[in-house]
Structure formats: structure tokens, C-alpha cells
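The block underneath contains the structure these notes are about, expressed in C-alpha cells.
The values are calculated or read from the model by the stated rules, or taken from the named source; none is laboratory data. Please read all numbers here as calculations on a predicted model, not as lab measurements. Because the Cβ atoms are built from the backbone with ideal geometry, glycine has one as well, and the counts that use them run over all protein chains shown. When the accessible area is computed, the model is the full protein with side chains, heavy atoms only, and any ligands, DNA or RNA have been set aside. Shrake-Rupley method; radii C 1.70, N 1.55, O 1.52, S 1.80 Å.
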Amino acid sequence: MTYKLKEELNKKERFAQGHRLCAGCGAGVAVSAVLRALDEEDKAVVSNATSCLEVSTFIYPDTAYEDSYIHSAFENAAAMTGGVETAYRVLKKRGKIDENFKFICFGGDGGTYDIGLQSLSGAMERGHDMVYVCYDNEAYMNTGIQRSSATPRFADATTTPVGTKSYGKIQNKKDLTAIIAAHGVPYVAQTTMLGNFRDIHEKAHRAIYTEGPCFLNVLAPCPRGWRYGMDDLAEICRLAVDTCVWPLYEVVNGKWHLTYEPRTKLPVSDFLEKQGRFAHMFRPGNEWMIDEAQQYVDEKWENLKARCE
Amino acid sequence: MRDRMSGNEAVAFAMKQIDPDVMGAFPITPSTEIPQYFSKYIADGEVHTEFVAVESEHSAMSTCIGASAAGARAITATSSAGLAYMWELLYVAASSRLPIVMAVVNRALTGPININNDHSDSMGCRDSGWIQIYAENNQEVYDNYIQAMPVAEHCRLPIMICQDGFITSHAVENIELLEDEQVRSFVGEYDPEHYLLKKDEPLAVGPYGISPYYMEIKKGQAEAMKESRTRIYEVAEAFAKISGRSYGMIEEYMMDDADFAVVLIGSSAGTAKAAAHGLREAGIKAGVIKVRVFRPFPWEELRKALRGVKAVAVMDKSEGFSGWGGPLFAETRAALYDLEESARPLLQSLVYGLGGRDVTVSTFEAIYEDLARTAEAGTVEHIYRHVGVRGDEEGIQG
Ligand SMILES: Cc1ncc(C[n+]2csc(CCOP(=O)(O)OP(=O)(O)O)c2C)c(N)n1
Ligand code: SF4
Ligand SMILES: [Mg+2]
């Protein structure tokens, strides 16, 4: 099956326009790209953790989802989705339903790396046949850009503000994709929205149609929190990937594969300089910040390459 | 069918007879045996339920929410810290109108940690929008469990079926069980109108409910709770027909002509009845009111039953920390407010049995004696007291 964006776009949208996400928000683009990977004949139950996405896409009485949808709290989306999936198996076994459903859960980085990590870990370990998609915008955006464990070092967030005694966030980003891969689930991947969306499409399709618990970590830039122009989503995603800040890879049955290697690895500063949250790193005297950020990315990248076959 | 079982086994047995779709549960003393018994039924092919052995009670309730919204009959069981850990989601289950059935084996809340019985766990979440039914003994908890789904599914409200930790959950007693067939036809099939997996009808559950809609949703829940009393009576009546055992919102014991009464919940009612019975032989008109259904609150029944009683102790097995008595006391007192003064009993709050503190027949005798003195004096000296606390001079010892 060859991927053609045009054909994909001709499919009926499962994620309707008219939601209340900010213009240029990466989250909505990620959701519609993932849902496009569903085969048209399949039904789905989409679920959410409380987040920007949730409060902007199901505001009573309007829902942006064509499929069935459920949200209940911030930290429990994986367990809740596991409950839906379990009900599906039982009701099917008991002959009460006959259609095929897929279960796709979206949570932000806060709801996934942080408060919902236990719930996610449990659901992955138990083996529910579902896809958990983290749309990672690297902070708690819904409550006003507070740091999460996905926020990168040096970022200026509202709970790690830059000040005379502070250079922004102290800690590096948690490597959640590797943590979920360590659960031994059949499919884990990192992706984002690039060019013709082939990467996210193929990974989402594979995740949805691999039996068992699968995990996608999607870098989903937030123009408001990252402070860049709302038209620049594609460029920001491209820079994240080409600087190796956000490498694209997948872990299939425990085997790690790079799915993209930049022809020329760009300096991290190319990515950082586009965003207001890193502006202080470019002030005179703060060159060490950029150096350390570069060093960190290089190390992670080398480790990742060594791990991949 | 006669048998002998503990309260936990009785609940697990009722679950088996019902054969629900999904159970999500996590171990915590003293409710742990329920998922254990149930897992064994599954292992032996006696039920077809999917058991989800979650990593926490938070996920147990989340599993139930997902499963119930998807159209399945979903159950769980817990106690104490486990129930507290579910707190946030109890409100979600209720507002999403999901008829989840939870077996609660009441245990003290931690602070300090204690595994024994009191009602602080379920009393703490009394305002979460769940129906709450309490049992005095094994037979009652079994009977209440069988009635749970017909009540909850009709009202589209979640329900807690509570029993006292260890006292009821672990004590083996004689019990009269219904036949499987009787239970299945009594409980019936779960056939919700709307659910996530319904063919050709997608459903969205759990919206962001902005101010112009939020209150309507809450009022809907409140109405359902108010109306649930009718359903509770209907189901009890139907249950009496197949079992010969009758239930209401409250149970009155020797209340027809009582001068003195205690109002309480759960297993201590048995002890109170024994004390009242003994005092009756000595010519003292003692009575007992056992509150079976705490949510919705049986205010009409209590007002009727307590009318004209001289002095009443309302006994809470939980500290409400209101500084003025426990929750059962506060609500009972409110229920009596519009009785005319001559019919309004002298009322006091007694907090008892916390963390498994024993109460015996002689404790109740001391309470009734105290009520007699109160009636004699015509006034309540201490409105809010504790029972059996060492060195507590205002309190009741016995
Ligand atoms: C238990 C709980 N704690 C806190 C909140 C408040 N809250 C709602 S969304 C949110 C942040 C969401 O961050 P993330 O998951 O990264 O999603 P984003 O909004 O960034 O897309 C927080 C803190 C909540 N709803 N529930
Ligand atoms: S704040 Fe950021 S994540 Fe939230 S809707 Fe706006 S752009 Fe999207
Ligand atoms: Mg976020």
C-alpha cells in the first residue's frame, strides 16, 4: 500500500473542524493525522486525558469527534480506555456487539509523562489492545504553561521562570518513549508532523493495527507555550527532527529502528532560536546553555543510534 | 439454599450468580477476599466476567467507568484508602450516570493506619452522588447486593453496597442463598439505551461542562437521587416476593412505643437490638433504628419513626470533624427540624467504634441509661460525645 496524502485527505474526517484549539496548535493536527490512519470501515472509541485537547474538543453539547468518545479525568485515561476495551471483548464474546472497534487514547505530556504515568504503565503491562498517543507539547498548557517532566532543560515555563537566579528548567526531559518501550509492548514509536505526514500516518496505522498495547509519542508543538508564530508548525517540527532534538524511531517487538536520519544534523540552536521560551539562552554570557543543550542532544542521539539496528 | 459463609464470600457469591461483564479491582484489607473469591470463580470457568487486575483503585474505578460507558455491567470492591484513592472518579461515575456497583467493606481511613471497621471511608464520599446501602450482617449484604443492579441501572446512578470490615466481612454465619436462576431473572440483562459501542450511534461521554450546562447536569443527578427511593422500595418489594425477606430505607426495632432510641448503621445494630431487648424485659422502652439506605437520606422515614420518642442517640461510626457531631447525627437532626416541638426528641450525637473500637451490649445499656437520664432532665447536657474513649469524662463508658 503506497501512501498518498491526497487520498488520505479524501477520507471522511473523523476529527471535525470547529474545535476550540488555538490556531496553529500541533495537538489538533496530531489527532487528525492519527485518526486518518484508521481504516474507513473500522469504528473507534477515542478517549482523552484532561488537557488542552479535551477542553477544546468536547465542550457540551458539541463534540469534534465523529466516533464515540470518552473523557473522565487527567490521570486515568489509559486505565479508562482499558476498561472500554475490556467491555468490548466481553460484549463481543457474549454476542452483544458485532462490529470492529479500535481504541485510541490521547493524553498530553502532563497526563502521560507525569500524573498519568502509573495508569499508562498499568494498561501497557496488562496488555489491552489499544493505542495510547501522547501529544507532547512539553508543558502543562491547559493550566498556563507550567513545566512537566517533558519540558526540556532551559525552557522558560511559568513554574520554572527565567529570573536573575534562574535559567529556566533545571532538569532534562524524561525519556518516556524508552520507558514505555521497556514495558515490552509490541509497538512503540516517536513521530511528529512532517512534510506529507507519511511518518505519523504509517506509525499510527501500524500502532492501530498491531494487536496489543501500542504507544506513540508525538511531538506536538504549541505556538502559545513555545512562543513562535502560529504558521510555523511545519518548520518547528522539521527543526526538532533535523537537530535530533526529537529523533524519529520505532521499537517493534523490542527491536529499535531509526526511521529517519537527517542528511545534515543541524545545530540545536537552529531549533531553540525560533522559540521565545529559549530566548534567554541567546543572551550574551549564556553561551554555555546552548553548549550544554547541544551536548545533551548529541549524547542522546549517539545512544539512540547505538541502540538501533 | 442454606449455607454458611462470610460477608465477603456472600458478596462474591452474589457476583458469581449475576455474572457481570467487567470487574476491575485492587486488593485492600478487608475487601481483598472479594476479588480473590471472584478470580477463583473465573479460573474455574464458573463466571464469564473479564477481571482486570489493575495497578490501583484509581484505575479500578477508571476501568469501571470505561467499561460501564461502553455498555458493560461493571463492578469493583474496595475499602478505606482504596475508596479514598477513587474519590475524584466517584463524582465522575455519578455525573456520567454510570450504574457501577461497588462492594465497600468499611474500614477506618488512615491517620493513623488502621485496618479495622468504621464508616469513615464511605461517609467521606457520601456526597459523591452514589446510592449507599449498608448491611447489618452477611444475609443483608448478600440481599442488598442482589438488589443493587436493579436499583442502580434503573436510576442510572452508581451504588455502594457496604458491609462492616471483619465484623461482617470475615465472620462466617448461616445464610439463605437464592438459586442462580432466581438471581439471574431478578437482576435481568443489562440493556442500556446509550453506550459507546452501540451500533450506528456514536456517543460522547464526559464533556467539558461549562456554566450554562453544569447545573442542569447536577440537578439531573439530584432528581435521580431523590427518585431512587421509589425504586429502592419497588426492588425491595420484588425481592421480598422471591426471598421472603423485606427491606426498607430504615429498619425499626421495637420503635412502636419506644421512649428511648439509638439510630445507627451496620453491624452494631445487632448489638443494640440485643441490649434493647434486654431492657424491654426490665420495663424500659428501648428501641433501635437501623439506617439501611444512607443515600438517598431517609429523612421522611426517620422523622416518622422518631416522632414522639423522648430521647435519641444518633450514633456515628465516623468522625465528621464538624465540631458538632457525626454526619448521620447532623442529617437526622435536620430531618426532625419541622416536627412540632412536643413531638421532637431530645437528640445527641455519639461517635463510636472508630478504628474497630469495640461496642458491646453493656455499652448500649449505658447509652440507654444515659438517654433515660436525659429524658428525665428534659435537656441534653452534651450534644456531641464519644463512646468508650479512655479518660473521657464527658463521654460514655460502658
Ligand atoms: C487531578 C488533576 N490535577 C490537576 C488538574 C488541572 N489540569 C488540567 S489539564 C492540566 C495540564 C495538562 O497538561 P498536558 O497533559 O501536558 O496537556 P496540555 O494541556 O499541555 O495539552 C492540569 C494541570 C486536573 N484536571 N486534575
Ligand atoms: S495553548 Fe498550545 S496546546 Fe493549548 S490549544 Fe493553544 S496551541 Fe494548543
Ligand atoms: Mg502539555
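What is the range A:1-141 by shape, rounded, prolate or oblate, if you read a ≥ b ≥ c off the alpha carbon gyration tensor as root eigenvalues and call it rounded for a/c under 1.5, prolate for a/b larger than b/c, and oblate otherwise?
oblate
Between the range B:290-308 and the range B:1-70, what's the alpha-carbon centroid distance in Å?
Value for the Cα centre distance between the two parts: 31 Å.
What FRET efficiency, computed as 1/(1 + (r/R0)^6) with R0 = 30 Å and r the Cβ-Cβ distance, is obtained for residue A:298 and residue A:164, rounded to the nearest 0.05?
For residue A:298 and residue A:164, the calculated efficiency is 0.50.
Using only helices, what value at 222 nm comes out for chain A when you add -39,500 (n - 2.57) per DSSP H run of length 4 or more and divide by the total residues, to the nearest 500 deg cm²/dmol?
-10000 deg cm²/dmol
Which of the residue pairs B:16/B:218; A:203/A:255; A:6/A:255; A:169/A:274; A:96/B:40; A:96/B:199 have a Cα-Cα distance greater than 22 Å in the structure shown?
Violating the 22 Å Cα-Cα cut-off are B:16/B:218; A:6/A:255; A:96/B:40.
Please list, by residue number, everything in the range A:230-255 whose backbone N is under 16 Å from a paramagnetic label point 7 Å out along Cα→Cβ of residue A:279.
A:230
Provide A:308, A:22, B:125 ordered by accessible surface of protein heavy atoms (probe 1.4 Å), highest first.
A:22, A:308, B:125
For residue A:305, which aspartates and glutamates qualify as cross-link partners when the Cα separation must be under 16 Å and same-chain residues fewer than eight apart are set aside?
Partners found: A:175, A:242, A:250, A:261.
Rounded, prolate or oblate: which fits the range B:72-200, taking a ≥ b ≥ c as square roots of the Cα gyration tensor eigenvalues, rounded meaning a/c under 1.5, else prolate when a/b beats b/c?
oblate
Please compute the average number of Cβ atoms from other chains found within 10 Å of each residue's Cβ in peptide A:56-65.
Whole-number average of other-chain Cβ neighbours for A:56-65 is 4.
May I ask you to derive the relative contact order of chain A, considering only C-alpha pairs under 8 Å and at least 6 residues apart, and to give it as an integer percent?
Contact order relative to length: 16 percent.
Could you check what % of the DSSP bridge pairs in chain B are antiparallel, to the nearest 5?
Roughly 20 percent of the DSSP beta bridges within chain B come out antiparallel.
Once the whole set of protein chains is in place, how much accessible area is left on residue B:190, using a 1.4 Å probe, in Å² to the nearest 10?
Here the accessible area works out near 30 Å².
Angle between the Cα long axis of helix B:33-43 and the longest principal axis of chain B, 0 to 90 degrees, nearest 10?
30 degrees
Nearest 20 debye, what's the magnitude of the dipole of the protein assembly as shown about its Cα centre given +1 on Lys and Arg Cβ and -1 on Asp and Glu Cβ?
That gives a dipole near 1200 debye.
Just tell me which aspartates and glutamates come within less than 17 Å, Cα to Cα, of residue B:219; anything on the same chain fewer than 8 places away is out.
B:127, B:227
Based on the Cβ-Cβ distance of residue B:389 and residue B:170, what FRET efficiency does E = 1/(1 + (r/R0)^6) give at R0 = 25 Å, to the nearest 0.05?
0.45
Any idea which of B:182, B:80, A:16 is furthest toward the positive side of the dipole for the protein assembly as shown, if Lys and Arg beta-carbons carry +1 and Asp and Glu beta-carbons -1?
A:16
How would A:197, A:271 line up by accessible area, probe 1.4 Å, largest first?
These residues rank, largest area first, as A:197, A:271.
Shape call for the protein assembly as shown from the C-alpha gyration tensor, a ≥ b ≥ c root eigenvalues: rounded (a/c under 1.5), prolate (a/b greater than b/c) or oblate?
Since a/c reaches 1.5 and a/b is larger than b/c, the shape of the protein assembly as shown is classed as prolate.
Taking only DSSP H segments of four or more residues, each worth -39500 (n - 2.57), what value at 222 nm results for chain B once the sum is divided by all its residues, to the nearest 500 deg cm²/dmol?
Taken over chain B, the calculation gives -13000 deg cm²/dmol.
If you place +1 on the Cβ of every Lys and Arg, -1 on the Cβ of every Asp and Glu, and leave all else neutral, what size is the dipole of the range B:203-299 about its Cα centre, to the nearest 20 Debye?
280 debye
Dipole of chain B (Lys/Arg Cβ +1, Asp/Glu Cβ -1, origin at the Cα centre): which of B:20, B:202, B:353 lies farthest to the positive side?
It is B:202.
When you take every Cα atom in the range B:122-169, what is the radius of gyration, and what is Dmax, the widest Cα pair distance, in Å?
Here Rg and the maximum Cα pair distance are 11.0, 31 Å.
Straight-line reach from residue B:290: which lysines fall under 17 Å, measuring Cα to Cα and dropping same-chain residues less than 8 apart?
Candidates past the 8-residue exclusion: B:273, B:304, B:317.
Could you calculate the FRET efficiency of residue A:265 with residue B:227 from 1/(1 + (r/R0)^6), where r is the beta carbon distance between them and R0 is 60 Å, rounded to 0.05?
Efficiency, rounded to the nearest 0.05: 0.35.
So what does log10 I(q)/I(0) come out to for the range A:202-289 at q = 0.13, 0.19, 0.24 Å⁻¹, using the Debye formula with one equal point on every Cα and no solvent?
Each listed q maps to, in turn, -0.56, -0.95, -1.19.
Rounded to the nearest 10 degrees, what's the angle between the helix B:211-243 long axis and the longest principal axis of chain B, both from Cα atoms, 0 to 90?
80 degrees
If you place +1 on the Cβ of every Lys and Arg, -1 on the Cβ of every Asp and Glu, and leave all else neutral, what size is the dipole of chain A about its Cα centre, to the nearest 20 Debye?
300 debye
Return the Cα extents of chain B along principal axes one, two and three, sorted largest first, each rounded to a whole Å.
70, 53, 44
So how far, in whole Å, is the C-alpha centre of the range A:146-190 from the one of the range A:204-253?
One Cα centre to the other: 14 Å.
Just the Cα atoms of the range B:1-117: what Rg and Dmax do they give in Å?
Using the Cα atoms of the range B:1-117, the pair Rg, Dmax is 13.9, 42 Å.
Given A:214, A:34, A:282, which one lies farthest toward the positive end of the charge dipole of the protein assembly as shown, if we put +1 on the Cβ of every Lys and Arg and -1 on the Cβ of every Asp and Glu?
A:282
Taking every Cα atom in the range B:250-386, find the radius of gyration and the maximum pairwise distance Dmax, and write them in Å.
Cα-based Rg and Dmax for the range B:250-386 come out at 13.4, 38 Å.
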